[in-house]
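Student: Have a look at this one.
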Ligand code: FAD
């Protein structure tokens, strides 16, 4: 067995932040179990990506799983390539970022190796009972329940980690670069049953809260859907995505995909600005990974202030316009 392997995902020529979060999760497993943590990058030309991974993190080794048929992503290509690689490597754990791509191919990969994928993991249990292995937490029923999972039987344990559940900056960096090697899987063109077309690109306003660097989030303090443009204007001025607490989405004022919290998205932006949000636990669990939290609330006793780095006690209808003006002035 060869320790923990993290499968990094490329997006637009770079390694995405959620892959670094997966490394942090892998390092946590490695530290708990005394296992080496390694990384794999998959594609047709992965030299630059592998160098980025090897130079940035404390890893045992980095392997480029390369084949010309992996130039464009296909579920068949990626699952076959990684099947061959992991059959040779015999890992203890394989950690993926829980991206759309991973959701597409990783369950098939796990099944090819006779395993299940423990998907969308939000925590890894610290108490490791000897012989039983770590406990993984997944949310069930839209966050109403937490389920505990443990991998049983032989063979590798496959898991994917939820965006924002592990902090990318918690991953251990190391000055010396890990060794990089190449693995060439055997793939025949006939084994690729789908023809890749252009990679999906959402419209500019597509919601990607998981990787947003700045989020302005609005709560019931906004009182009416007609007032939302005020908060949207602040978000636009800051170059931020718009998020929301559950009541805003339940009311249909914003789409569900903008909901942050236990039954919504988990986010970890550099800046999280909470406007008229009380700070219920179900909301806090979705944004507690944010680096800097600013809260605007007229109630000085609102729990959101306990999670905030900066708090503004005041009426959002006075504070937000003043902030917009100040941000615009600062940008000039
Ligand atoms: P409120 O709690 O009503 O808070 C509004 C805040 O606005 C108050 O603090 C008030 O002081 C402030 N305010 C009012 N007027 C102004 C003003 N003019 N200026 C400034 N401040 C003002 N919630 C989520 O957000 N995400 C989830 O994923 C989620 N999942 C849930 C799952 C379950 C199973 C359950 C039971 C609940 C869940 N909730 C979730 C709901 C959660 O418990 C809270 O009800 C919700 O987060 C409250 O939203 P809020 O803060 O916008 O509203």
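The values are calculated or read from the model by the stated rules, or taken from the named source; none is laboratory data. Since this is a predicted model, take the numbers as computed values, not measurements. Ideal geometry is used to build each Cβ from the backbone, glycine not excepted, and the neighbour counts take in all protein chains shown.
Student: Does residue 244 satisfy being away from the ligand (no atom under 14 Å from the Cβ) and buried (at least 20 other Cβ atoms within 10 Å of the Cβ)?
Tutor: no
Student: Mind listing whichever residues of region 52-82 are part of a loop (DSSP other than H, G, I, E, B) and closer than 14 Å to residue 189 by Cα?
Tutor: Hits for region 52-82 are 67, 71, 72, 73, 74.
Student: Of the numbered conditions (1) in contact with a strand residue (DSSP E or B) (Cβ under 9 Å, 6 or more places away or on another chain); (2) under 26 Å from residue 111 (Cβ atoms); (3) surrounded by fewer than 24 Cβ atoms within 10 Å (Cβ to Cβ), residue 8 satisfies every one except a single condition; which is it?
Tutor: Of everything listed in (1) in contact with a strand residue (DSSP E or B) (Cβ under 9 Å, 6 or more places away or on another chain); (2) under 26 Å from residue 111 (Cβ atoms); (3) surrounded by fewer than 24 Cβ atoms within 10 Å (Cβ to Cβ), residue 8 misses just condition (3).
Student: Restricting attention to region 193-207, does a residue exist that is surrounded by 15 or more Cβ atoms within 10 Å (Cβ to Cβ), touching a helix residue (DSSP H, G or I) at 6+ places or on another chain (Cβ under 7 Å) and modelled with pLDDT of 95 or more?
Tutor: Scanning region 193-207 turns up no residue that is surrounded by 15 or more Cβ atoms within 10 Å (Cβ to Cβ), touching a helix residue (DSSP H, G or I) at 6+ places or on another chain (Cβ under 7 Å) and modelled with pLDDT of 95 or more.
Student: How many residues are away from the ligand (no atom under 16 Å from the Cβ), at pLDDT below 90, within 20 Å of the chain's Cα centre (by Cα) and assigned to a strand (DSSP E or B) when one looks only at region 130-184?
Tutor: 0
Student: Also, quick follow-up: With region 250-332 as the region, which helices (runs of 4 or more DSSP H) entirely inside it contain at least 3 residues that are in contact with a helix residue (DSSP H, G or I) (Cβ under 8 Å, 6 or more places away or on another chain) and away from the ligand (no atom under 11 Å from the Cβ)?
Tutor: Passing ranges, in order: 316-331.
Student: Regarding region 215-231, can at least one residue be identified that is touching a residue at least 40 places away in the same chain (Cβ under 8 Å), under 25 Å from residue 98 (Cα atoms) and away from the ligand (no atom under 11 Å from the Cβ)?
Tutor: Scanning region 215-231, I find at least one residue that is touching a residue at least 40 places away in the same chain (Cβ under 8 Å), under 25 Å from residue 98 (Cα atoms) and away from the ligand (no atom under 11 Å from the Cβ), so the answer is yes.
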